[in-house]
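Chemist: Questions regarding the structure given below will be posed in turn.
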Amino acid sequence: MTGVRRYAVIPTRGDRAGTLGVVIDRIAPQVDQVVVIDNSDDGQAAARLATVGNQFEAVLFIRDPQQPPNLSALWNHGLRVVRQAAAGEPYRVAVLNDDAIVPVAWFETVAYAMHAHGCAAGGFGVTGTVHRTPGATRLDQRLPGYAFILEGAADLMADERFQWWCGDNDLDMQARQAGGTVVLGGDPVRHLFPDKSTAENPVLQARTAVDMRLFVEKWGFRPW
C-alpha cells in the first residue's frame with residue numbers, strides 16, 4: 001500500500017463546531033488532506049471552528065449550500081475534489097459524518113483489510129464479513145454510512161437520487177460489484193448523534209421513505 005494517498009471527506013451543516021473539531025483532529029493525522037463540505041446556511045463552518053479554538057491548516061473547506069441537503073451530492077462534491085487532488089495517483093478516501101470520531105490507526109486498519117481482500121470499500125460493523133455480491137444485509141454487517149473508506153481505483157460515486165437515506169447502502173452494493181465490501185468486527189468508531197438530524201427535520205423524515213422506494217426500484221430488494 002506504499003504510495004497510496006489518503007483523503008477524508010466530511011460534509012457538515014456547521015452547527016456542531018466543537019464535535020467537528022474533534023472529528024477532524026482524529027482523522028487529520030491519518031490522511032494527507034481533509035476536505036470539509038460546508039453545507040451551513042451562512043458558509044461559516046470554518047469560522048465557527050476557529051471560535052472554539054481549532055485551527056486546521058491542512059483542511060480544505062468547500063461551500064455547498066444546497067438545501068434541503070442531498071447527502072449523496074455532498075459526498076460526490078468531496079469525492080470529485082479528492083479525485084482532482086490525487087491527479088492520477090492511487091488513493092483511498094474516507095467518508096465521515098461530522099459526528100463520527102475515529103480511533104488512532106482507523107484508516108490504516110480499514111485500508112489494510114480492503115487491500116488484503118481486494119475490496120473497493122470498507123468500514124467497521126458489529127461483526128466482520130466480506131460481501132462479494134449485492135443483497136440484503138444484516139444491520140450489524142452492512143457498510144457503516146457514518147465512517148467508511150472507498151478505493152479510488154474503483155471510481156465509485158454516490159447515486160444522487162438517494163438524497164438522504166440509502167446512499168451508503170447503494171455505495172455498498174456498487175463496491176460489491178467492483179470487488180467487494182469488507183466489514184471489520186467490533187466497531188471502535190464513536191458515532192455521537194445517530195439519526196438526530198432526521199428526527200429533527202420533517203423534510204428529511206419524509207425523504208427516507210422516498211429513498212427506500214428508489215433503492216428497491218434500483219436493486220430489487222430492501223438493503224436490510
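The values are calculated or read from the model by the stated rules, or taken from the named source; none is laboratory data. Keep in mind that this is a model prediction, so the values were computed, not measured. For neighbour counting, all protein chains shown are included, and Cβ atoms are generated from backbone atoms with ideal geometry for every residue, glycine included.
Chemist: Which of the helices (runs of 4 or more DSSP H) found entirely inside the stretch 143-219 contain at least 2 residues meeting this: aliphatic (A, V, I, L, M), more than 13 Å from the chain's Cα centre (by Cα) and surrounded by 15 or more Cβ atoms within 10 Å (Cβ to Cβ)? First the steps, then the outcome.
Modeler: Numbers: elements: 167-177, 196-200, 202-219.
Helices (runs of 4 or more DSSP H) meeting the threshold: 167-177, 202-219.
Chemist: Looking at 58, 120, can you tell me which residue is more than 17 Å from the chain's Cα centre (by Cα) and hydrophobic (A, V, I, L, M, F, W, C)? First the steps, then the outcome.
Modeler: Working: 120 fails: more than 17 Å from the chain's Cα centre (by Cα).
Selected residue: 58, the only one of 58, 120 that is more than 17 Å from the chain's Cα centre (by Cα) and hydrophobic (A, V, I, L, M, F, W, C).
Chemist: Considering 58, 8, 45, 50, which residue is small (Gly, Ala, Ser), modelled with pLDDT under 90 and under 29 Å from residue 161 (Cα atoms)?
Modeler: Values: 58 fails: under 29 Å from residue 161 (Cα atoms); 8 fails: modelled with pLDDT under 90; 50 fails: under 29 Å from residue 161 (Cα atoms).
Result: 45 is the single residue among 58, 8, 45, 50 that is small (Gly, Ala, Ser), modelled with pLDDT under 90 and under 29 Å from residue 161 (Cα atoms).
Chemist: Further question: Which of the following residues is modelled with pLDDT of 95 or more and either in contact with a helix residue (DSSP H, G or I) (Cβ under 9 Å, 6 or more places away or on another chain) or under 22 Å from residue 80 (Cα atoms) (or both): 152, 186?
Modeler: Details: 186 fails: either in contact with a helix residue (DSSP H, G or I) (Cβ under 9 Å, 6 or more places away or on another chain) or under 22 Å from residue 80 (Cα atoms) (or both).
Going through 152, 186 in turn, the sole match is 152.
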